[in-house]
Amino acid sequence: MKVFIGYVSLSGNTEKMAISIKNRMKAVGCEVYMERLDTVEVDALKDFDLAFIGLYTWNLEDVPYEANEFYEEIDQVDFAGVKVALFGAGDLTHSKPCAAMDILSDKMKRFGFDVYDRVLKIHHESSTYEQLRKCEDFAE
Ligand SMILES: Cc1cc2nc3c(=O)[nH]c(=O)nc-3n(C[C@H](O)[C@H](O)[C@H](O)COP(=O)(O)O)c2cc1C
């Protein structure tokens with residue numbers, strides 16, 4: 001299985017989640033490609049069996065600026081069947097925790113992506129044993 005992991009992370013929490021997912025997918029024999037989202041073209045996701053996309057949230061109303069181009073590129077209607085799973089770190093006590101993930105999910109669904117119903121939202125710190133375990137379970 002060919003898996004893509006794209007993410008943006010400022011203080012490193014979402015990045016740790018990405019690494020944990022990568023390790024798990026590799027351990028079960030997947031071919032894994034990982035990149036920061038600001039260097040990724042959305043079209044490239046069509047070449048993978050599954051894409052994990054990770055975002056932090058810093059402002060209720062926006063996707064992070066490094067993901068802007070990726071977000072804007074989702075403007076075609078032929079992404080049907082492209083499978084995506086979303087993850088990210090945020091403040092789970094917030095009124096709309098990890099809102100950037102929900103904004104991206106809504107747009108991806110509108111353009112045909114097959115977005116997994118289950119998303120992984122981690123509260124701030126993602127390096128505890130329990131948090132990393134959650135990432136691995138999610139990957140599985
Ligand atoms: C200025 C600032 C604004 C934030 N705004 C939000 C927010 O609107 N919603 C949310 O869920 N988390 C918010 N957070 C929490 C971050 O998403 C959280 O610290 C996350 O772990 C950052 O991920 P990263 O380490 O991958 O950059 C905010 C954090 C900061 C410092």
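The values are calculated or read from the model by the stated rules, or taken from the named source; none is laboratory data. Values in this document were obtained by computation on a predicted structure and should not be read as measured data. Glycine also receives a Cβ, built like all others from the backbone with ideal geometry; neighbour counts cover every protein chain displayed. When the accessible area is computed, the model is the full protein with side chains, heavy atoms only, and any ligands, DNA or RNA have been set aside. Shrake-Rupley method; radii C 1.70, N 1.55, O 1.52, S 1.80 Å.
For the reader, a short list of remarks on this structure follows.
- Segment 9-52, residues that are part of a loop (DSSP other than H, G, I, E, B) and more than 16 Å from the ligand (Cβ to nearest atom): Val28, Gly29, Cys30, Val40, Glu41, Phe48, Asp49
- Tallying residues that are of a type in the set (D, E, K, R), over 15 Å from the mean Cα position of the chain (by Cα) and away from the ligand (no atom under 16 Å from the Cβ) within segment 113-136 yields 1.
- Inspection of segment 64-73 finds a residue satisfying the criterion of being within 16 Å of the ligand (Cβ to nearest atom), outside any loop (DSSP other than H, G, I, E, B), over 19 Å from Phe113 (Cβ atoms) and open to solvent by 20 Å² or more (accessible area, probe 1.4 Å).
- Members of segment 53-63 found to be buried (at least 19 other Cβ atoms within 10 Å of the Cβ) and more than 12 Å from Asp38 (Cβ to Cβ), listed by number: Ile53, Gly54, Tyr56, Thr57
- Among the residues of segment 80-110, those that are part of a loop (DSSP other than H, G, I, E, B) and either surrounded by fewer than 21 Cβ atoms within 10 Å (Cβ to Cβ) or more than 7 Å from the ligand (Cβ to nearest atom) (or both) comprise Ala80, Gly81, Val82, Asp91, Leu92, Thr93, His94, Ser95, Lys96, Pro97.
- In segment 41-69, the residues that are among the β-branched types (Val, Ile, Thr) and in contact with an Asp or Glu (Cβ under 9 Å, 6 or more places away or on another chain): Val42, Thr57
- Taking the numbered list (1) of a type outside the set (Ser, Thr, Tyr); (2) under 20 Å from Phe4 (Cα atoms); (3) surrounded by 13 or more Cβ atoms within 10 Å (Cβ to Cβ); (4) in contact with a strand residue (DSSP E or B) (Cβ under 7 Å, 6 or more places away or on another chain) in turn, His124 passes all entries but (2).
- Taking the criterion of being aromatic (Phe, Trp, Tyr) and open to solvent by less than 40 Å² (accessible area, probe 1.4 Å), the residues of segment 1-47 that qualify are Phe4, Tyr7.
- Subset of segment 53-63 [within 12 Å of the ligand (Cβ to nearest atom) and either closer than 12 Å to Val42 by Cα or not aromatic (Phe, Trp, Tyr) (or both)]: Gly54, Leu55, Thr57, Asn59, Leu60, Glu61, Asp62, Val63
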